[in-house]
There are 2 protein chains.
Amino acid sequence: MSQSGKAGQPAVEPDPGSTSPAQRQDTRLDTYVDRYAERAHGMKASAVRALFAVANRPEVVSLAGGMPNIADLPLNVVADGLKDMVLEIGPQAMQYGSGQGEPMLREQICEVMSLEGISADPDDVTITVGSQQALDLLTRIFCDPGDVVLAEAPSYVGALNTFGAYETTVVHVGMDDDGLDPVALREALVRLQQSGQRAKFLYTIPNFQNPAAVTQPVARRKEILAIAEEFDLLIIEDNPYGLLRLSGDPLPAMRAFDSDRVIYLGSFSKTFAPGFRVGWVLAPHAVREKLVLAQEAATLCPPVFSQFAVSSYLSNHDWKGQIESFKSMYLTRRDAMLSGLAEHMPTGTTWTHPDGGFFVWLTLPEGLDSQAMLPRAVSNRVAYVPGTAFYADGLGTRNMRLSYCFPTPERILEGTRRLGDVLAREAELHRTFGISDNQPRIAERSQAPRPNQR
Amino acid sequence: MSQSGKAGQPAVEPDPGSTSPAQRQDTRLDTYVDRYAERAHGMKASAVRALFAVANRPEVVSLAGGMPNIADLPLNVVADGLKDMVLEIGPQAMQYGSGQGEPMLREQICEVMSLEGISADPDDVTITVGSQQALDLLTRIFCDPGDVVLAEAPSYVGALNTFGAYETTVVHVGMDDDGLDPVALREALVRLQQSGQRAKFLYTIPNFQNPAAVTQPVARRKEILAIAEEFDLLIIEDNPYGLLRLSGDPLPAMRAFDSDRVIYLGSFSKTFAPGFRVGWVLAPHAVREKLVLAQEAATLCPPVFSQFAVSSYLSNHDWKGQIESFKSMYLTRRDAMLSGLAEHMPTGTTWTHPDGGFFVWLTLPEGLDSQAMLPRAVSNRVAYVPGTAFYADGLGTRNMRLSYCFPTPERILEGTRRLGDVLAREAELHRTFGISDNQPRIAERSQAPRPNQR
């Protein structure tokens with residue numbers, strides 16, 4: 001396959017439109033429709049999927065995807081490491097492995113987690129096919145149809161997809177500049193209690209939340225843990241970006257303060273490379289036992305060769321130094337994004353100022369609709385993800401997620417300039433005609449984080 | 001990780017005891033027990049799991065596992081191919097990819113399938129994390145709790161595990177020497193019709209069935225397809241071993257005769273190596289669309305690096321020649337197994353004579369219990385999988401699956417000698433005391449294939 005230049009457009013994240021109930025339609029007659037499981041009827045390709053195919057054309061500046069920029073990886077080190085690995089232990093690395101994952105990698109993962117204050121036993125780690133599969137297996141273990149899960153408002157589109165695939169009910173909990181709002185969390189838990197319901201877990205991304213790009217300070221984490229203790233709430237802490245904090249050392253993980261109540265998800269997709277699909281779950285022993293059985297039913301074992309490849313990289317390369325190099329690369333890109341937004345956004349537009357991760361969360365001036373204007377943005381050769389993708393309940397029409405991880409700083413600046421043009425024209429339309437040329441929408445509730453003002 | 005000698009015992013297949021309702025118990029207090037989903041309560045480690053850990057010790061001849069023997073793979077070719085691949089297209093091979101899988105690999109897969117008479121479009125292929133994940137995603141798409149799926153009696157333990165994880169009801173359909181019995185299939189379908197039920201699909205392994213090791217001749221396949229047409233039945237054809245037919249060319253797949261009613265599962269685990277975890281589904285277009293959405297919710301995308309690695313192997317190596325070399329290696333091992341059994345099995349023992357694949361299915365003399373005697377077999381340094389693992393309904397006590405794929409011919413012969421000793425002693429006990437020293441069991445129904453007599 002060495003000659004293959006194109007291998008299709010990466011999906012990067014599940015179709016961001018697929019969680020939106022609007023605009024769904026089957027384009028072909030499906031003769032199998034009466035055979036599907038109940039859960040499959042919600043699995044439909046959204047209308048924006050075709051648009052994203054267009055958005056991946058090279059002339060479009062895509063601020064939509066969440067692909068890490070791995071161009072700086074030392075290809076020689078990886079190539080030589082893999083060659084040696086195959087020659088020395090190929091028959092083991094290419095064989096079936098354990099459902100839990102390779103012991104040596106699980107030890108190395110404990111070292112990685114120690115950078116965020118986590119003390120863990122390799123026996124409590126289960127390897128997954130990226131963090132996404134961790135979400136899948138945990139939802140499989142914990143959630144029956146109709147069960148309630150709590151998630152930030154907005155939340156990661158891939159998690160919402162998985163929660164939807166298991167027919168759960170997602171209850172969004174508001175955020176502020178410091179991430180998940182403890183007051184809103186307590187209110188949500190009290191409301192559930194009063195209605196005789198119980199949340200199976202809270203799903204939270206404490207660092208550089210995807211998509212809102214806000215971070216919980218340590219005091220906030222402890223406050224949330226105290227509420228969890230009070231309400232006997234399980235927490236799933238998803239932390240793909242924690243080591244990519246742009247200012248100073250990583251913050252301690254929630255799991256560092258509580259090993260019984262917090263199930264921690266980690267990933268090598270952002271600190272090394274996503275193509276190996278190696279993530280992990282750190283869970284209390286009983287949950288870990290269920291996870292391994294679920295993993296065996298799902299895949300027999302996670303990809304063994306990938307695990308050996310990641311392990312080899314961690315052994316052969318200064319991976320901490322590599323993370324520092326990633327950080328300075330992302331710092332430049334984030335700054336390009338922030339200065340481009342400051343220069344090009346029309347009055348009334350606000351956005352968050354991330355301290356790490358890949359994204360900025362933007363709130364449009366009143367009356368504008370990010371989903372309605374997406375085709376016009378793509379015509380103007382810039383793409384983003386409309387805010388509605390990150391809500392299970394149809395909110396987010398005034399928001400969009402912009403990513404600064406992949407394009408060059410120059411392209412990012414150009415992208416914000418193009419986006420600024422589109423927004424100015426939309427705002428002009430709105431001033432002239434009173435509404436955007438989309439259908440009228442329900443009013444936005446104030447659940448989204450209050451972004452820093454421009 | 002190049003220094004790592006041990007990486008834990010491979011699971012190879014999910015715990016074969018986990019589908020058996022007998023002897024289950026939780027060994028630790030699980031404080032999360034009231035939080036789990038309904039489906040999780042069936043996920044328990046079985047009592048035989050500990051025994052299999054012992055069975056993996058080097059002094060034990062394990063005829064239990066289904067690990068392919070990949071010692072003959074050309075490590076130099078694989079190592080150089082991977083090195084070149086990383087240097088040339090590393091940033092692409094290590095990046096996120098599409099939920100459906102890499103286009104070039106899907107084209108190559110169509111070439112592979114053409115060897116079994118299948119004509120397919122790469123657009124109808126979806127890559128999965130081994131065939132196991134294909135089973136998982138298809139069951140997810142098609143089955144609600146309580147739905148009926150048909151499977152051969154006995155059937156693959158990994159499939160039964162997955163069907164169990166989705167809380168389906170497995171109805172076993174009997175086999176004879178030519179695999180799935182059309183008469184039994186029709187009876188099962190009529191019974192379901194009469195009770196107002198409908199099978200979501202038939203799961204079948206036409207070639208060298210796991211565990212029964214029988215093969216459907218072409219006429220039998222057509223007969224089954226005609227019944228499927230008559231009853232509007234969907235078929236999942238699982239074909240991991242088809243190209244490893246020991247005599248002559250591979251038989252045409254069921255999918256070669258019917259592209260609407262047959263969903264075909266393939267895998268590189270046995271024709272190349274399992275550690276990459278690359279399998280695939282060939283499905284009608286509408287089903288493929290659901291599969292990709294399900295794959296995105298489960299993993300975002302299947303392992304990209306693995307897909308490029310497999311693609312590179314197919315491009316750089318005479319993979320058809322390699323399959324011929326695997327076949328002659330497995331032929332020697334199968335013959336060792338068959339001659340060992342002929343020499344060492346006590347009177348009244350029967351077994352199947354496989355024409356490919358990895359296994360022999362053995363039926364014990366009346367009164368003997370394969371699960372009860374397993375500890376004594378392991379003490380005598382030979383291991384197998386008790387027949388009960390391959391039934392969802394507790395049958396199989398008089399059966400065992402013996403695999404000849406992994407050990408050397410000498411070890412296989414020695415294994416059958418040790419097994420013969422154990423059986424002779426068990427038979428002696430039975431003659432002396434009238435029963436084996438296990439609890440009395442329900443009578444075995446005659447659902448299993450009639451094996452060739454010794």
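The values are calculated or read from the model by the stated rules, or taken from the named source; none is laboratory data. Keep in mind the model is a prediction, meaning the values are calculated, not measured. Note: ideal-geometry Cβ built from the backbone for every residue, glycine included; neighbour counts use all protein chains shown. Note: areas computed on protein heavy atoms with side chains; ligands, DNA, RNA excluded. Shrake-Rupley method; radii C 1.70, N 1.55, O 1.52, S 1.80 Å.
Going through A:248, A:266, A:279, A:275 one at a time, which residue ends up being open to solvent by less than 10 Å² (accessible area, probe 1.4 Å) and either among the basic types (Lys, Arg) or more than 10 Å from chain B (Cβ to nearest Cβ) (or both)? Reasoning before the result, please.
Values: A:248 fails: open to solvent by less than 10 Å² (accessible area, probe 1.4 Å); A:279 fails: either among the basic types (Lys, Arg) or more than 10 Å from chain B (Cβ to nearest Cβ) (or both); A:275 fails: either among the basic types (Lys, Arg) or more than 10 Å from chain B (Cβ to nearest Cβ) (or both).
Within the list A:248, A:266, A:279, A:275, the selection yields A:266.
Going residue by residue through region A:50-62, is there one that turns out to be within 25 Å of residue A:162 (Cα to Cα), at pLDDT 85 or above, in the same structural domain as residue A:358 (by the TED database) and open to solvent by less than 70 Å² (accessible area, probe 1.4 Å)?
If we filter region A:50-62 for residues that are within 25 Å of residue A:162 (Cα to Cα), which is where we start, we get A:50-53, A:55-56, A:62.
Filter once more, keeping what is at pLDDT 85 or above: A:62.
Add one more test, that the residue is in the same structural domain as residue A:358 (by the TED database), and what stays is A:62.
Filter once more, keeping what is open to solvent by less than 70 Å² (accessible area, probe 1.4 Å): A:62.
Yes, because at least one residue in region A:50-62 is within 25 Å of residue A:162 (Cα to Cα), at pLDDT 85 or above, in the same structural domain as residue A:358 (by the TED database) and open to solvent by less than 70 Å² (accessible area, probe 1.4 Å).
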TODO: Could you figure out which of (1) open to solvent by 10 Å² or more (accessible area, probe 1.4 Å); (2) within 14 Å of chain B (Cβ to nearest Cβ); (3) part of a loop (DSSP other than H, G, I, E, B); (4) not aromatic (Phe, Trp, Tyr) isn't true of residue A:210?
DONE: (1)
Task: Filtered residue count, region B:290-308, keeping only those that are more than 7 Å from chain A (Cβ to nearest Cβ) and more than 22 Å from the chain's Cα centre (by Cα) - done: 1
Task: Lone qualifier among B:297, B:342, B:309, B:336 - being aliphatic (A, V, I, L, M) and free of Cβ contacts under 8 Å to residues at least 40 places away in the same chain - done: B:297
- [ ] Please list, ordered by first then second residue, the pairs with beta carbon atoms under 8 Å, 6 or more apart or interchain, first in region B:100-126 and at the interface with another protein chain (Cβ under 9 Å from one of its Cβ atoms) and within 17 Å of residue B:263 (Cα to Cα), second of a type in the set (Asp, Glu) and in a loop (DSSP other than H, G, I, E, B).
- [x] none
- [ ] Please work out if residue B:94 is farther than 21 Å from residue A:310 by Cα and within 7 Å of another protein chain (Cβ to nearest Cβ).
- [x] no
Task: Tally of residues being surrounded by 24 or more Cβ atoms within 10 Å (Cβ to Cβ), charged (D, E, K, R) and either within 11 Å of chain A (Cβ to nearest Cβ) or assigned to a helix (DSSP H, G or I) (or both) across region B:130-175 - done: 2
Open item on the list: Residues that are more than 30 Å from residue A:92 (Cβ to Cβ), at least 3 per element: which helices (runs of 4 or more DSSP H) completely within region A:304-391 meet that?
Closed with: A:319-344, A:370-379
TODO: Take the residues in region A:389-408 that are in contact with a Gly (Cβ under 9 Å, 6 or more places away or on another chain) and open to solvent by 10 Å² or more (accessible area, probe 1.4 Å), then tell me which one is nearest to residue A:323 (Cα to Cα).
DONE: A:406
Task: The one condition in (1) buried (at least 24 other Cβ atoms within 10 Å of the Cβ); (2) within 13 Å of chain A (Cβ to nearest Cβ) that residue B:80 fails to fulfil - done: (1)
Open item on the list: I'd like to know if region B:93-112 contains one or more residues that are over 23 Å from residue B:244 (Cα atoms), at pLDDT 95 or above, assigned by the TED database to the domain that holds residue B:272 and open to solvent by 30 Å² or more (accessible area, probe 1.4 Å).
Closed with: yes
TODO: Identify, by number, the condition in (1) within 19 Å of the chain's Cα centre (by Cα); (2) part of a helix (DSSP H, G or I); (3) closer than 30 Å to residue B:274 by Cβ that residue A:127 doesn't meet.
DONE: (2)
